[in-house]
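Written below as structure tokens is the structure these notes are about.
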Amino acid sequence: MLSEAEALKNSFENFLSLDDILLSHQRLPVRTECAFPRLGFLDRSSDSEDLPEGTKMELPLWLSKGLYERKRRVLSVKLPNVYREGWRTVFTADPNVVNLHKMGPYYYGLGSQMLHFDSPENTDIAQTLLQTFIGRFRRVMDCSQNAYNEDTSSLLERLDCLEKALFQAGQSGLNGFQSWEKGRASQLTASSLVLNYRKRKMADVED
Amino acid sequence: MDPSEVEFLAEKELVKIIPNFSLDKIYLIGGDLGPFNPGLPVDVPLWLALNFKQRQKCRIIPPDWMDVEKLEEIRELEKREEAFTPVPSPYYMELTKLLLNHASDNIPKADEIRTLVKDIWDTRIAKLRLSADSFISQQEAHAKLDNLTLMEINTIREFLLDSLNCMYKLRSNLQPGSSGRTFTDF
């Protein structure tokens, strides 16, 4: 049922996907476990040329992931607050209340990536991610399947990027059905490009 | 799949018409049709019936189930049952839309029929969403739904498949030994 293009689009980490690229730019708080000679410029607040061991700073995900090693000689990543015990309890209590867009627009994506960093809380984090998704699923489904021709921005602002994509899928199903029912599906309409560029009719060109 | 494609498939359904012209039997690739004699009912596929109707060459007879009392019964049954009840026709939505748009003069109480069919559709779609929600929240491995029509499946297909995909990815995080390792590295 899925074409190859759709299957590729669906894969979580797609090298060329803009969402994934933006996701990997999210910054994580890290602590260096060894000295980084001559890389002092990475940390804006430090004056020295070298980064001593134990510096706390922020690095983007793609860099942290590349530098992280199991033996932890290079850096250790601190779990962002959203994935910690405190917030996890909030999510288990009522996942619908949280504004996932504010919590970092890539809650699910970043959460899945954080599991790379071998924190002892990994299973709990993974469980919470799954349960939050399941808890919010009903809300996303109802909103996307019922909001026809309305302004959906108030509904969308609390959703994270993954949920937004699902919302779009639901909306396209709904819109397709509604426009078919109204008979608009088989009407030919002028392309928006033609209307926007205001192409001249043949008669005008000949004059 | 487009709703238009589903409508295209629905147009193969047979309906009864009463032509006002005469024509010998015609031999088409899909089967034989006719002969057509004025005033005598004959079964033809919907696409042909609509074509004749638009050229004012026939009168369409509504299918048996397209009757106010029968549809009211079906609607009540649908509201009472938790599962999906058998539909009057696997393409009831498309048939209703096409026949009521092109041949409403041949169908008594067309507006009431339109409302009744819409009610039935809304009830079934609500049941479908409920069952999709319980499918996801209980993380079942598979579900079986009887008596669903293609149009209903089509409206929810993209959304449900995408959600199941996301759930699969999140669930594979929980597998020991593969915690994120299956994801491609940058």
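The values are calculated or read from the model by the stated rules, or taken from the named source; none is laboratory data. Just so it is clear, the model here is predicted, and its values are computed rather than measured. When we count neighbours, we look across all protein chains shown, and the Cβ atoms used for this are built from the backbone with ideal geometry, even at glycine. With ligands, DNA and RNA removed, areas are computed over all heavy atoms of the protein, side chains included. Shrake-Rupley method; radii C 1.70, N 1.55, O 1.52, S 1.80 Å.
Data for the structure
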quantity: Lone unmet requirement of (1) over 30 Å from residue B:2 (Cα atoms); (2) surrounded by fewer than 17 Cβ atoms within 10 Å (Cβ to Cβ) for residue A:75; calculated: (2)
quantity: Sole residue being out of contact with any Gly (no Cβ under 9 Å at 6 or more places or on another chain), at pLDDT 75 or above, away from chain B (no Cβ under 14 Å) and within 11 Å of residue A:117 (Cα to Cα), chosen from A:65, A:78, A:56; calculated: A:78
quantity: Residue count, region B:1-49 (criterion: crowded, with 16+ Cβ neighbours inside 10 Å and over 28 Å from the mean Cα position of the chain (by Cα)); calculated: 1
quantity: Residues that are buried (at least 18 other Cβ atoms within 10 Å of the Cβ) and within 18 Å of the chain's Cα centre (by Cα), drawn from region B:151-163; calculated: B:151, B:152, B:154, B:155, B:156, B:158
quantity: Among the residues listed as A:113, A:131, A:145, the single one being within 14 Å of chain B (Cβ to nearest Cβ) and open to solvent by 40 Å² or more (accessible area, probe 1.4 Å); calculated: A:131
quantity: Where residue B:54 falls short, out of the listed (1) open to solvent by 50 Å² or more (accessible area, probe 1.4 Å); (2) more than 14 Å from chain A (Cβ to nearest Cβ); calculated: (2)
quantity: Failed item, numbered, when residue B:173 is tested on (1) open to solvent by 20 Å² or more (accessible area, probe 1.4 Å); (2) free of Cβ contacts under 8 Å to residues at least 12 places away in the same chain; (3) within 11 Å of another protein chain (Cβ to nearest Cβ); calculated: (1)
quantity: Any hit, region A:30-40, residues being within 30 Å of residue B:163 (Cα to Cα) and either assigned to a helix (DSSP H, G or I) or open to solvent by 80 Å² or more (accessible area, probe 1.4 Å) (or both); calculated: no
quantity: Residue list for region A:148-177, restricted to those being within 13 Å of chain B (Cβ to nearest Cβ) and either open to solvent by 90 Å² or more (accessible area, probe 1.4 Å) or more than 29 Å from the chain's Cα centre (by Cα) (or both); calculated: A:168
quantity: Elements of type helices (runs of 4 or more DSSP H) contained in region B:65-170, each with 2 or more residues being within 14 Å of chain A (Cβ to nearest Cβ) and touching a Phe, Trp or Tyr at 6+ places or on another chain (Cβ under 9 Å); calculated: B:92-102, B:110-137
quantity: Answer from A:79, A:67, A:63, A:110 - the residue that is in contact with a strand residue (DSSP E or B) (Cβ under 7 Å, 6 or more places away or on another chain) and of a type outside the set (Phe, Trp, Tyr); calculated: A:67
quantity: Residue list for region A:81-110, restricted to those being more than 14 Å from chain B (Cβ to nearest Cβ) and aliphatic (A, V, I, L, M); calculated: A:82, A:90, A:93, A:97, A:98, A:103
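Yes/no matrix, rows are residues, columns are (1) surrounded by fewer than 16 Cβ atoms within 10 Å (Cβ to Cβ); (2) of a type in the set (D, E, K, R):
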{"residue": "B:73", "(1), (2)": "yes, yes"}
{"residue": "B:79", "(1), (2)": "yes, yes"}
{"residue": "B:87", "(1), (2)": "no, no"}
{"residue": "B:103", "(1), (2)": "no, no"}
{"residue": "B:117", "(1), (2)": "no, no"}
{"residue": "B:138", "(1), (2)": "yes, no"}
